[in-house]
Each structure stands twice: as structure tokens, then as C-alpha cells.
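Data block below; observations after.
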Amino acid sequence: MTGVKVHLDKAMGTSLIMLYGLAHDARTTPSLLGDTVAAQALDKVDYDFARLKLSPQLTALAVTTRAKHFDDWTAQFLAAHEQATVVNLAAGLDSRVWRVAPGPGVTWYDVDYPDVVDVRSKIFPQRDDAYRLIGSSVTAPQWLQQIRPDLPTLVIAQGLTMYLQPEDGQALFRRITEHFARGVVILDTHNSYALRRQNKLVHRHFGATMHWAINGPGDVERAVPRLHCTDTVSGLALQGHAPGLPLAYKILINLCRHVPVLRDAGLYLRYEFGP
Ligand SMILES: C[S@@+](CC[C@H](N)C(=O)[O-])C[C@H]1O[C@@H](n2cnc3c(N)ncnc32)[C@H](O)[C@@H]1O
């Protein structure tokens, strides 16, 4: 069988790294996420991953510890709201909807650029009508109008903020909190230090550029007044506890956790908004 040829560049290309990490984890024992849907999707992709020179183990570690944390926040939200909407911004090639398996009262939207949505529709299994794919830039204002505003809504922005211009990202989250009556926004961030470092990597591989450094939960609260931060977690701290992590990395990561600029290099933030 010939695979699905994938030509995704700029920020879109980075979604391939996420799929690669999920698939590698699924084939590892023990596996953190056991995401066989991702592994099967990766098998369908015709792409030269060797050119990225990724360490499979470290990629899987970084991708799955973050994904697990966001899966857990998603599951927590769904447990509290049987009738709800989930909007997964910049879904990329992530298979979260299969991992968290939302109930029948939930409508789930995966939003990304049309080229990414096209690849998704070729490599992932079809779902029922409660699952919708929207092919659009998240910063275009129109797509939000397709989504009913009255249900409790979870907005997921994993691996997105850094690719947006700060003013576009701030306007996006303001629009979201004005459109939906109430909900939760979960997002991850790069601080200024991480942005500089990661920019080199994504630029070399995909020609992508990162723009928006977020140096703490207050940066978003000041720009989007309806959002109130309820939880801040360091991505590094989570990685330091990952099962199967080689001892040398464990020691290194746990040392880095004591340096604030490294501890806060990547934060996972949870906000609430409502009446
Ligand atoms: C690092 S990947 C993250 C994908 C997925 N959320 C995950 O964590 O596996 C970055 C994603 O952001 C998407 N993206 C960046 N800017 C976007 C925009 N303005 N509109 C829609 N998607 C965007 C890219 O297309 C890509 O799929």
C-alpha cells in the first residue's frame, strides 16, 4: 500500500513530530498513553522522519507527558459536564478525541489549517456526527460562529500559542471568551527563553517561526480579562517524573526544575471563564 504523502511546512509541519512521539510511545512497553490510533495513523503517512533526526525516546517523552496532562484535564472537564462542547484548537495530527472518548452529549471540534485537516481526514478513522473538523486558521473570526455558544465549553490550545503573533492570540482568546457563555481554556506556553531555543529547531526543520512568549499566567489574564487562572503546572516537572526516564535525564531535569527560567520554560495553564 502506498502511504499518504504529507507536505506540511511551517507550523503545520510540527504536528508530524507530535504524531511521531505518540506512535513511538504506543509501540513501547510500558506505554504512557497506549495510543494505537496514533500508531496506525503514522503507519499511513509517507514522510521522511529520518531527516528530522529525532530521538524517538525523548520525543515520545516530551509529547506524551504533555498530552497526558491535557488528556487528564479534558477528562476532568467531561466528567463534570455531560452536555458540553470541546474545541481543540490547532489539533494538528493529535488523536485526543479517541484517547478521551467523549460521551454522547459532547460535540467535539478539531480546528486546524485546511492542509492539516485534509491529512487528518486521510489517516484517522471516521467518527460520527458529534465530531467535526474545521479547516481554518484559528485566528480567522468566522469559524467560531458555527459553534453553539450556550453549553459549557472546553477550549484546548496545546502547542499553539507560541506560533501566534501575541496580538492575534490575545484577540483569539478574547473572542472565545465573548462567544461562549462559560467554560475552561487549557493552553501551554513557551517563555522568552524557550521561544528562542525552540525557534531554532522548528525553523531548521520546517521553516516555522515562533512569536508569542508567555512568561506566566498573568500575561494571558491581563490581555483577556474574562480568563482566571486556576492551575499552573511546569512541563519540566512532569517530565522529571515520567516512568522509564533514564536516570541521567531524571537527575538533569530535576536539577533544571530549581532554575525558575527553566522550570517555567513550558507551562501548562488552566483558566476558567463564566458569568
Ligand atoms: C506543535 S503542533 C501541535 C498540534 C497538536 N495540538 C498537538 O499537540 O499534537 C502545532 C499546530 O498548530 C497549528 N497552527 C499554528 N498556527 C495556527 C493557526 N493560526 N490556525 C490553525 N492552526 C494553527 C499547526 O498547523 C500545527 O498543527
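The values are calculated or read from the model by the stated rules, or taken from the named source; none is laboratory data. What you see is a predicted model, and the numbers here were worked out from it, not measured in a lab. Glycine gets a Cβ as well: all are built from the backbone with ideal geometry, and neighbour counts include every protein chain shown. Note: accessible area is taken over every heavy atom of the protein model, side chains too, but ligands, DNA and RNA are not part of it. Shrake-Rupley method; radii C 1.70, N 1.55, O 1.52, S 1.80 Å.
Side notes on the structure shown:
- Here the chain has 54 percent of its accessible surface on carbon and sulfur atoms, given a 1.4 Å probe and all protein chains in place.
- The Rg/Rh ratio for region 1-156 is 0.96, where Rg is the radius of gyration of the alpha carbons and Rh is the Kirkwood radius.
- Applied to region 185-191, the Karplus parametrisation 6.51 cos²θ - 1.76 cosθ + 1.60 on θ = phi - 60° returns per-residue 3J(HN,Hα) values of 10, 10, 8, 10, 9, 10, 7 Hz, with x for Gly and Pro.
- Here nothing in the chain passes the span test, since no DSSP H helix has an alpha carbon length of 18 Å or more along the helix axis and a Kyte-Doolittle mean of 1.0 or above.
- Using alpha carbons only: equivalent-ellipsoid semi-axes of region 77-158, gyration tensor based, whole Å: 19, 16, 10
- Placing R0 at 30 angstrom, the Cβ-Cβ distance between H211 and Q83 gives a FRET efficiency of 0.25 after rounding to 0.05.
- Inter-label distance for D115 and V259, nm, one decimal - labels placed 7 Å from Cα along Cα-to-Cβ: 3.5 nm
- With all pairs of separate Cα atoms included, region 161-275 yields a Kirkwood hydrodynamic radius of 15.3 Å.
- Label-point separation, I251 to A181 (7 Å along Cα→Cβ), nm: 5.6 nm
- If both residues of a DSSP beta bridge must be in the chain, then about 40% of such bridges are antiparallel.
- Shape category assigned to the chain from the gyration tensor of Cα positions, a/c cut at 1.5: rounded
- Extension gain, R196 back to Q145 (0.36 nm per residue minus Cα-Cα distance, nm): 14.9 nm
- Taking 14 Å as the cut-off, the amide N atoms of region 252-275 that come nearer than this to a point 7 Å along the Cα-to-beta-carbon line of E221 belong to 269-273.
- Charge context of T153, other residues only, Cβ under 13 angstrom, K/R +1, D/E -1: +1
- Cα centroid separation, region 202-222 to region 110-166 (Å): 19 Å
- Over the residues of the chain, the helix contribution to mean residue ellipticity at 222 nm works out to -13500 deg cm²/dmol, using -39500 (n - 2.57) for each DSSP H run of at least 4.
- Surrounding net charge for R204, when Lys and Arg each add one and Asp and Glu each subtract one, Cβ distance under 13 Å: +4
- Protection-proxy order for peptides 200-211, 147-158, each taking the mean of Cβ atoms within 10 Å per residue, highest first: 147-158, 200-211
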